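Here is the structure we will look at, set down as structure tokens.
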Amino acid sequence: MTRKSRLALIVLLLLGQPAAANELLPVPDGMQPDVDFWVDIFSLYTTDQGVLHDNRNLGVVYERVDLSAKMSRRDRQRRVAQRRDYYEDILRTLATGKRDNLSAEEARVLALWPADVSNSTLSAAVGRIRYQQGLRDRFLEGLERSGRWRAYIESELRALGVPVELAALPHVESSYNPEARSHVGASGIWQFTRSTGRRFMQIDHVLDERNDPWTASRAAGRLLAYNYSIAGNWPMAITAYNHGLSGVRRAMRQFGDDAYSDIFRNYKGRTFGFASRNFYVAFLAAKHVDQNASTYFPNAVLERPTDYAIFELDDYIAATDLSDALGVTTRQLAAHNMALQSTIWQGSKHMPRGLNVRFPADRLDAPIETLLAAIPADRWHTEQLPDLFHTIARGDTLSQIAQTYKTNVSTLVALNNLGSSHRIRAGQRLRLPAAGPAPEAPPPPPVVAAVADAPAVEAPAIVAEQTPGAMAGDLAATLLGTIQTALLSDPSDYSVAADQSIEVHPLETLGHYADWLGIRTQRLRDINGLAFRTPVEVGQRIKLDLTAVDAKTFEDRRIAYHRSQQDGFFREHVITGVADHVIRRGESIWVLALRDYDVPVWLFRQYNPGLDLHTVQPGTTVRFPVLAPAGTG
């Protein structure tokens, strides 16, 4: 099928889609070529192929590059670099103004651009040549895998008021691969980061529910519904899934709530790069290919959902005891219970009480009730095994680890004979209090709190695992999986305005600002005309003195503080729903949040970011997240 006939087919198919879907998930004006580009990436080019293209104008595709499966990564990179250099030279020549006596290749490249293209545009294009790997084979694999969970995902999205078309999002995130892991720590078919996932799921050293397609799909539906409640439209809610709510809200304030094309083309947020600009149009392409799979993949056979026996554990039990009772191996049990961490299978932790265990019903020799009843009473336990060791993951800090295990940094330093720098590495094994002191431990060095909060880095011997999902590949930049932002689901604006002012958020004081700025608190009082002991109020704007640090450093410190506070909270709580409340005369937001709904004000404000907490009128509908204790394993 030629590209022209393919484009004609796309137009016809799009015209045939239900009007409601097109209204909720529109193609932004002028961005159909961008959608077409991603349709080709998902359906035309394999992972042994790719295209060199302009990273701003996706309709400008210079060349398809074929790469043999036998080529090494180095050879692939060399081949792509050679072809990129080739087109850079042509563009430099055209940017000098040359329009006559063109070679065939120069004429072909020039014809990719509008007839009136300027020399400055061509000169800028020299630095914008990008290689995108094809994904047809991976999309097909993901399409076939999606049959296991698709009906369940659609039912969850429908129940939460999320368009069922968003069931195509895992094609972009992970190719529907539950084992997908990104280099920034995102995990599972929905590619949740730890900090975002903890809002809705248990994520610790016993369970990581991001890797369970059922739990993660429910959480993704809740996150998408939350994004929509803040953004007010689906294109921006979907973009926020990748870029974060704060950045999306800034873009909407600058260009308009539904100025999608302007945002995707012109917004220059600090982290709004190629991935964020393209996330929504790539989703539209994945949705289109998914909905027309019989056209693009006529031989695809979707896997059937597994008929599971599902049972809840009334007490703790060793994985080996449970697998023996079921007549299966622990490997087989693990394959269907992907949230369980390695601590379970290594035997250092029991399978936790209250866990819903799945196993294919047709692979059990007897009804599940009969098999469970045969387990001797002494194999069940009323308590979890104590934590003896912790294997450090990328991004862990000593303070976070201490918080997880309800100890303190100085204890961890002493037990593990850490040096004065307190450097930790991913893959390193830390002794915990329950394991007792290490043999012949020397006296602990003094604790340096600032260094204790330095995140773990990868040990040299550990090779970061590449994402096996949609955008992984030898040459493709990490693209359409969730990016690692500090506060992906926090819509609060922690940035410094052009006039060097900030908005005060909950949990913040003048003392915090002074610490982050490296100045005395009195200096902030002076430049803001604040009397001694006068507190700042949420929503108030405060002028800063940026002589000691720059705005970015201040913002980074501010965000790190809020991330620490929020990560700590979501280690103990998960969001299970949302409750609407109509304000009655005499009611106070502060009292409602802290007494009636038991929700901290900072979290309430995240669900109502445009609300002035001091001037809420009777009859106003506000939203409170519904919280439950996080599982303890």
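Observations on the model:
- Failed criterion for Ala548 (all others in (1) loosely packed, with under 15 Cβ neighbours inside 10 Å; (2) out of contact with any Ser or Thr (no Cβ under 9 Å at 6 or more places or on another chain); (3) modelled with pLDDT under 95; (4) closer than 28 Å to Ala498 by Cβ hold): (3)
- Selection within the stretch 392-422 - out of contact with any helix residue (DSSP H, G or I) (no Cβ under 8 Å at 6 or more places or on another chain) and either within 27 Å of Ser182 (Cα to Cα) or in the same structural domain as Gln341 (by TED's automatic domain parsing) (or both): Ala393, Arg394, Asp396, Thr404
- First in the stretch 353-364 and surrounded by fewer than 14 Cβ atoms within 10 Å (Cβ to Cβ), second anywhere and part of a strand (DSSP E or B), Cβ under 8 Å, 6 or more apart: Gly354/Glu312; Ala361/Tyr308; Ala361/Ala309
- Cβ-Cβ under 9 Å pairs, at least 6 apart or on other chains, the stretch 490-501 side outside the structural domain of Tyr513 (by TED's automatic domain parsing), far side among the basic types (Lys, Arg) and assigned to a loop (DSSP other than H, G, I, E, B): Ser495/Arg270
- Within the stretch 131-151, considering residues that are surrounded by fewer than 20 Cβ atoms within 10 Å (Cβ to Cβ) and touching a Lys or Arg at 6+ places or on another chain (Cβ under 9 Å), the one nearest to Glu165 (Cα to Cα): Gly147
- When restricted to residues that are surrounded by fewer than 20 Cβ atoms within 10 Å (Cβ to Cβ) and assigned to a helix (DSSP H, G or I), the stretch 157-170 contains 3.
- Checking each residue in the stretch 100-115 for being over 41 Å from the mean Cα position of the chain (by Cα) and within 17 Å of Tyr86 (Cα to Cα) picks out Leu102, Ser103, Ala104, Glu105, Glu106, Ala107.
- Of all residues in the stretch 53-78, those satisfying the criterion of being over 27 Å from the mean Cα position of the chain (by Cα), of a type in the set (A, V, I, L, M) and under 26 Å from Glu105 (Cα atoms) are Val60, Val61, Val65, Leu67.
- Criterion: touching a helix residue (DSSP H, G or I) at 6+ places or on another chain (Cβ under 9 Å), assigned to a helix (DSSP H, G or I) and of a type outside the set (Phe, Trp, Tyr) - qualifying residue of Arg595, Arg557, Arg623: Arg557
Table: residues versus (1) surrounded by 22 or more Cβ atoms within 10 Å (Cβ to Cβ); (2) in contact (Cβ under 8 Å) with a residue 60 or more places away in the chain; (3) under 29 Å from Glu23 (Cα atoms); (4) assigned by TED's automatic domain parsing to the domain that holds Lys349.
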| position | (1), (2), (3), (4) |
| --- | --- |
| Gln191 | yes, yes, yes, no |
| Ser195 | no, yes, no, no |
| Met201 | yes, yes, no, no |
| Leu207 | yes, yes, no, no |
| Asp212 | yes, yes, no, no |
| Gly232 | no, no, yes, no |
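- In the stretch 304-319, the residues that are outside any loop (DSSP other than H, G, I, E, B) and surrounded by fewer than 11 Cβ atoms within 10 Å (Cβ to Cβ): Glu312
- Failed condition for Val549, given (1) under 32 Å from the mean Cα position of the chain (by Cα); (2) more than 19 Å from Leu613 (Cβ to Cβ); (3) assigned to a helix (DSSP H, G or I): (3)
- With respect to (1) closer than 30 Å to Gln341 by Cα; (2) modelled with pLDDT of 95 or more; (3) over 20 Å from the mean Cα position of the chain (by Cα), the lone exception for Leu592 is condition (1).
- All positions within the stretch 337-352 that are farther than 18 Å from Glu383 by Cα and surrounded by fewer than 17 Cβ atoms within 10 Å (Cβ to Cβ): Ser342
- Residue satisfying condition, being part of a helix (DSSP H, G or I), touching a strand residue (DSSP E or B) at 6+ places or on another chain (Cβ under 8 Å) and modelled with pLDDT of 95 or more, within set Arg92, Arg79, Arg64, Arg108: Arg79
- Test: residue in the stretch 171-190 that is of a type outside the set (A, V, I, L, M, F, W, C), part of a helix (DSSP H, G or I) and at pLDDT 95 or above: yes
- All positions within the stretch 569-592 that are part of a helix (DSSP H, G or I) and surrounded by 14 or more Cβ atoms within 10 Å (Cβ to Cβ): Phe569, Phe570, Ile589, Leu592
- Matching residues, the stretch 252-290, being of a type in the set (Val, Ile, Thr) and either within 21 Å of Glu165 (Cβ to Cβ) or free of Cβ contacts under 8 Å to residues at least 12 places away in the same chain (or both): Ile263, Val281, Val289
- Qualifying positions in the stretch 392-423 - among the β-branched types (Val, Ile, Thr), free of Cβ contacts under 8 Å to residues at least 40 places away in the same chain and in contact with a strand residue (DSSP E or B) (Cβ under 8 Å, 6 or more places away or on another chain): Ile401
The values are calculated or read from the model by the stated rules, or taken from the named source; none is laboratory data. If you're wondering where the values come from, they're calculated on a predicted model, not measured in any experiment. Here Cβ is always computed from backbone atoms with ideal geometry, including for glycine, and neighbour counts include all displayed protein chains.
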